[in-house]
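All remarks here apply to the structure that follows.
The values are calculated or read from the model by the stated rules, or taken from the named source; none is laboratory data. Everything numeric here is computed off the predicted structure, so don't read it as measured data. Note that we place each Cβ from the backbone using ideal geometry, even for glycine, and neighbour counts take in every protein chain shown. Accessible surface areas use protein heavy atoms only, side chains included; no ligands, DNA or RNA. Shrake-Rupley method; radii C 1.70, N 1.55, O 1.52, S 1.80 Å.
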Amino acid sequence: MAVKQVLRMGHPFLQQVSKPVKEFNTPQLHTLIQDMFDTMDAYEGVGLAAPQIGIDLRVVVFGINQNKRYPDADSIPMTVLINPVLRAIGDDATLGWEGCLSVPGLRGEVSRAHQLHYSGFDAQGNRFERQVRDFHARVVQHEVDHLDGILYPSKIQNMNNFGFSEEISELNKL
Ligand code: NI
């Protein structure tokens, strides 16, 4: 069990483009992934990207059974996604509220592709792909943005829909 400190918005590490993983199934990669899940669980997040704990590799983890931060969210299988490739399906975009462990206490409304095809590799180096929608699609887009140095506040179109969750939760479910 190794819970790592999550870097917060403003740290230069969160603004970098991360590097592809070249070697799979290594002890270092397995340790990184375990640390990421431990950290995500400890902070009650639904996803985490490696740069958030100071590692500039294209690795994200996500998944949700039932989460206090997102009580009404659909479940998403616990997933390790390495060197991801995303492709929006169709032109439909949906607005939805997002939070981020690197932007603690805040929520903002962001437009994301409603349907998404994504592919990548698991920790052993096996390629897999999925076609998803709604909250699952949103989480993947949010996490993979971290690998390109993008945090969700830069994608908010209406800054009135950005603020502290405690103020917003009266009006919104997420
Ligand atoms: Ni985030």
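Identify all residues within the stretch 9-44 that are assigned to a loop (DSSP other than H, G, I, E, B) and farther than 24 Å from Gln124 by Cα; write none if there are none.
Of everything in the stretch 9-44, those that are assigned to a loop (DSSP other than H, G, I, E, B) and farther than 24 Å from Gln124 by Cα turn out to be Met9, Gly10, His11, Gln16, Tyr43, Glu44.
Yes or no, residue by residue, for (1) modelled with pLDDT of 95 or more; (2) among the small types (Gly, Ala, Ser); (3) open to solvent by 70 Å² or more (accessible area, probe 1.4 Å):
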site: Gln5; (1), (2), (3): yes, no, yes
site: Gly10; (1), (2), (3): yes, yes, no
site: Leu14; (1), (2), (3): yes, no, no
site: Ser18; (1), (2), (3): yes, yes, no
site: Glu23; (1), (2), (3): yes, no, yes
site: Leu29; (1), (2), (3): yes, no, no
site: Ile33; (1), (2), (3): yes, no, no
site: Leu48; (1), (2), (3): yes, no, no
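Taking Asp41 as meeting all but one of (1) out of contact with any strand residue (DSSP E or B) (no Cβ under 6 Å at 6 or more places or on another chain); (2) without any contact (Cβ under 8 Å) to a residue 60 or more places away in the chain; (3) more than 13 Å from the ligand (Cβ to nearest atom); (4) open to solvent by less than 20 Å² (accessible area, probe 1.4 Å), write down the number of the exception.
Among (1) out of contact with any strand residue (DSSP E or B) (no Cβ under 6 Å at 6 or more places or on another chain); (2) without any contact (Cβ under 8 Å) to a residue 60 or more places away in the chain; (3) more than 13 Å from the ligand (Cβ to nearest atom); (4) open to solvent by less than 20 Å² (accessible area, probe 1.4 Å), the lone unmet condition for Asp41 is (4).
Search the stretch 100-143 for residues being of a type in the set (A, V, I, L, M) and away from the ligand (no atom under 16 Å from the Cβ), and hand back the single one that is farthest from Asn25 (Cα to Cα).
Ala113
Tell me yes or no: at least one residue of the stretch 92-102 is of a type in the set (D, E, K, R), closer than 15 Å to Val139 by Cα, touching a strand residue (DSSP E or B) at 6+ places or on another chain (Cβ under 6 Å) and surrounded by 13 or more Cβ atoms within 10 Å (Cβ to Cβ).
Yes.
Confirm whether Arg87 is of a type in the set (D, E, K, R), open to solvent by 50 Å² or more (accessible area, probe 1.4 Å) and part of a loop (DSSP other than H, G, I, E, B).
Spelling it out, it is not the case that Arg87 is of a type in the set (D, E, K, R), open to solvent by 50 Å² or more (accessible area, probe 1.4 Å) and part of a loop (DSSP other than H, G, I, E, B).
Go through the stretch 153-163 and give me each residue that's touching a residue at least 40 places away in the same chain (Cβ under 8 Å), open to solvent by 30 Å² or more (accessible area, probe 1.4 Å) and assigned to a helix (DSSP H, G or I).
Those that are touching a residue at least 40 places away in the same chain (Cβ under 8 Å), open to solvent by 30 Å² or more (accessible area, probe 1.4 Å) and assigned to a helix (DSSP H, G or I): Lys155, Asn161.
Condition check ((1) out of contact with any Ser or Thr (no Cβ under 8 Å at 6 or more places or on another chain); (2) among the polar types (S, T, N, Q)) across all residues:
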site	(1), (2)
His114	no, no
Phe121	yes, no
Glu129	no, no
Val144	yes, no
Leu147	no, no
Gln157	no, yes
Phe164	yes, no
Ile168	yes, no
